[in-house]
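Novice: To start, I am sharing the structure in question, which I have written as C-alpha cells.
No value in this document is a laboratory result; all are computed from the given coordinates. Here the structure is a predicted model, which means the values were calculated and not measured. Virtual Cβ from ideal backbone geometry, glycine too; neighbours counted across all protein chains shown.
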Amino acid sequence: MDTPHEKGAPVMGSPYEIHRATTTAELTAAQHLYDGPAREEWAARFLAAPGHVMLIAYAGGAPVGFVSGIEMLHPDKGSEMCLYELAVAEAHRRRGIGRALVDALAAVARGRGCYDMWVGVDTDNDAALAAYRAAGAQDDGPFAMLTWPFA
C-alpha cells in the first residue's frame with residue numbers, strides 16, 4: 001500500500017522530500033550514504049524481494065538520507081517491520097530528516113498491517129537513539145545481538 005511518503009511528499013517545514021525507491025538507479029545513486037558501494041545485482045535483488053522497503057530523502061534532487069526496512073511474517077505473530085538501517089548525510093543532520101524517514105517507514109508498516117516496527121541499535125549511538133525516540137520509539141530493555149559470520 002502506498003503512503004504519501006512513498007509517492008514523494010515533502011517533509012513538513014523543510015526543503016526535503018521522501019520517495020520510495022523503485023529502481024536500481026535510485027538505490028545506487030544513494031550509495032554515498034551506505035556503509036560501502038552498492039552493487040547493481042544486490043540492488044535488483046533488494047527491489048525484487050517481497051517486504052523490502054527503501055525510502056530516500058532528497059534535497060534539490062540529490063539523495064541526502066535513507067531508511068530501509070524489511071517486513072517479516074511469523075505464523076503466530078503476524079507481520080512486523082524491522083527498521084534495518086537509517087542514514088543521513090552529515091551536512092543534513094539535526095534537521096529532522098532522520099525522524100521524518102523513520103515516521104515514513106512507520107507509515108508504510110502501518111499501511112501494510114504490521115503490528116509493530118523494531119530496530120536494533122548500539123547503546124552508544126546517541127544520534128540514532130535520539131532520532132528513534134523522537135519518532136516515538138520506546139526502549140524495550142537490554143538486548144544482545146549474536147551473529148554467525150559466513151565467509
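Novice: Return the FRET efficiency for the residue pair Asp139, His74: r is the Cβ-Cβ distance, R0 is 25 Å, and the value is rounded to the nearest 0.05.
Specialist: It comes out at approximately 0.65.
Novice: Within the chain, what's the longest run with no chymotrypsin sites (Phe, Trp or Tyr not before Pro) in a DSSP loop and at most 14 other beta-carbon atoms within 10 Å? Give the range, please.
Specialist: Numbers: sites that count: Tyr34, Tyr115, Phe143, Phe150.
So the longest stretch without any such site is 35-114.
Novice: In nm, what is the difference between 0.36 nm times the number of residues separating Ala48 and His32 and their Cα-Cα distance? Each step should come with its number before you reach the end.
Specialist: Details: separation 16, 0.36 × 16 = 5.76 nm, distance 2.20 nm.
Result: 3.6 nm gained on full extension.
Novice: How many angstrom lie between the Cα centre of region 88-118 and the Cα centre of region 123-151?
Specialist: If we compute the Cα centre of each part, the gap is 14 Å.
Novice: Would you compute, from DSSP H runs of 4+ residues alone, the mean residue ellipticity of the chain at 222 nm, taking -39500 (n - 2.57) per run and dividing by the full residue count, rounded to the nearest 500? Spell out each step's value before the answer.
Specialist: Details: 5 runs with 43 residues, N = 151.
That comes out to -8000 deg cm²/dmol.
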